[in-house]
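The values are calculated or read from the model by the stated rules, or taken from the named source; none is laboratory data. The model shown is predicted, which means the values in this text are computed figures rather than measured ones. With ideal geometry, Cβ positions are generated from the backbone for all residues, glycine too; neighbour counts draw on all protein chains shown. What goes into the accessible areas is simple: the full protein's heavy atoms, side chains included, and nothing from ligands, DNA or RNA. Shrake-Rupley method; radii C 1.70, N 1.55, O 1.52, S 1.80 Å.
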Amino acid sequence: MRFLLGVLVGYTLREKRKLLIKVLVTLLVVCVVLSAVVLPAIALLALSLDVQRERWSRPAQTKVPVLKGLTYEDAEMKLHAANLNLRLLATRYDSSLQPGLIIDQTPAPGEEVAVGYSVGVTTSRKDFAGPGP
């Protein structure tokens, strides 16, 4: 591009070969437009396509519903409606709660997880299994 600019300035100063000057000016303008407009536009288009492809490759996401206070069966139905699975992590004695209710869940309600993810729950039980003898 510097070469074109140098030839253009040289012929312009001598005021010779006007057709050549017009051709060189046209080439210079095309080079500037290519380097300043077209190439960045192509790069941005390629970046946009790459971002879209990456987004499409991610698994579908869904929010975890609130399960605390539900029975295991009700929680299972609620998770099935949200395309999630249920997994019993533990049972814990809690005298203030009716046995069989969910008292804790992982992940927390409202978190985004992949469709088909297993939500772990802890349920209450009726008997106290204290420390052994």
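Structure notes:
- For region 3-21, the set of residues classified as within 51 Å of the chain's Cα centre (by Cα), open to solvent by 50 Å² or more (accessible area, probe 1.4 Å) and at pLDDT 70 or above consists of 3 only.
Matching residues to (1) more than 23 Å from residue 127 (Cβ to Cβ); (2) at pLDDT 95 or above; (3) among the aliphatic types (A, V, I, L, M):
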position: 69; (1), (2), (3): no, no, no
position: 83; (1), (2), (3): yes, no, no
position: 88; (1), (2), (3): no, no, yes
position: 92; (1), (2), (3): no, no, no
position: 101; (1), (2), (3): no, no, yes
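- Scanning region 76-87 for residues that are in contact with a Gly (Cβ under 8 Å, 6 or more places away or on another chain) and open to solvent by 70 Å² or more (accessible area, probe 1.4 Å) gives 83, 85, 87.
- Candidate set: region 36-64, residues that are hydroxyl-bearing (Ser, Thr, Tyr) and closer than 30 Å to residue 108 by Cα; chosen: the one least open to solvent (accessible area, probe 1.4 Å): 62
- Criterion violated by residue 35 - all others in (1) more than 30 Å from residue 3 (Cβ to Cβ); (2) modelled with pLDDT under 90; (3) not in a loop (DSSP other than H, G, I, E, B) satisfied: (1)
Every residue, every condition in (1) surrounded by 12 or more Cβ atoms within 10 Å (Cβ to Cβ); (2) in contact with a Pro (Cβ under 6 Å, 6 or more places away or on another chain); (3) in a loop (DSSP other than H, G, I, E, B); (4) of a type outside the set (D, E, K, R), yes or no:
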position	(1), (2), (3), (4)
66	yes, yes, yes, yes
74	yes, no, no, no
89	yes, no, no, yes
96	no, no, yes, yes
104	yes, no, no, no
108	no, no, yes, yes
122	yes, no, no, yes
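- Selected residue (criterion: nearest to residue 55 (Cα to Cα)) from residues of region 72-125 that are basic (Lys, Arg) and touching a strand residue (DSSP E or B) at 6+ places or on another chain (Cβ under 7 Å): 87
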